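The values are calculated or read from the model by the stated rules, or taken from the named source; none is laboratory data. Please read all numbers here as calculations on a predicted model, not as lab measurements. Note that we place each Cβ from the backbone using ideal geometry, even for glycine, and neighbour counts take in every protein chain shown. Protein only, heavy atoms only, side chains kept; ligands, DNA and RNA dropped before computing areas. Shrake-Rupley method; radii C 1.70, N 1.55, O 1.52, S 1.80 Å.
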Amino acid sequence: QVQLVESGGGLVQTGDSLRLSCAASGRTFRSYAMGWFRQAPGKEREFVTAIRWSGTNTYYAGSVKGRFTISRDNAKNTVYLQMNSLKPEDTAVYYCASTSRSGLFTLQSTYDSWGQGTQVTVSS
């Protein structure tokens, strides 16, 4: 129902910054909030951050709070993830997701649509 395309991933060094983008299309009017998740090799997919399309509410995992910032451009139907002070443990495939309702934004089951993911690799 909502199509999501992530971009902006790449290979960087410890301490560098990177900005990911997630462009939404299709039935975007049904989207209430957007989230970012990540999955490292051999690990479970984990919540990173989320934002509503309206208001000022944002949510962050403790591991990224203070380093990562989620933002949105409603006119472009695009959500961004600004990542600063990157660490090797941030290496993962980053996924964008959309939910049509309010709920527990940290849970994968809350989301209706998912992007294909973009690889972020942080070398030491």
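Worth a mention:
- Distant-in-sequence amide H partners of residue 68 (H built 1.01 Å from N, under 5 Å): 84
- Qualifying GluC sites (Glu not before Pro) in the stretch 5-58, DSSP loop, other Cβ atoms within 10 Å at most 15: 44
- The aspartates and glutamates whose alpha-carbon is closer than 13 Å to the alpha-carbon of residue 65, local same-chain residues fewer than 8 away aside, are 90.
- A P(r) calculated from all alpha carbon pairs of the chain, with 5 Å bins opening at zero, reads 2, 12, 24, 26, 20, 10, 5, 1, 0 percent.
- Rounded percent of accessible protein surface that carbon and sulfur make up, the chain, 1.4 Å probe: 46
- Packing, taken as the mean count of other beta carbons within 10 Å per residue, orders the peptides 92-99, 117-124 from highest to lowest as 92-99, 117-124.
- Extension gain for the segment residue 1 to residue 39, taken as residue separation times 0.36 nm less the Cα-Cα distance, is 11.3 nm to one decimal.
- Given the chain, longest segment not containing exposed loop trypsin sites (Lys or Arg not before Pro) (DSSP; at most 11 other Cβ within 10 Å): 44-100
- The chain - accessible surface per residue (Å², probe 1.4 Å): 51
- Remark: spin-label model distance residue 85-residue 19 equals 2.0 nm, labels positioned 7 Å along the Cα→Cβ axis.
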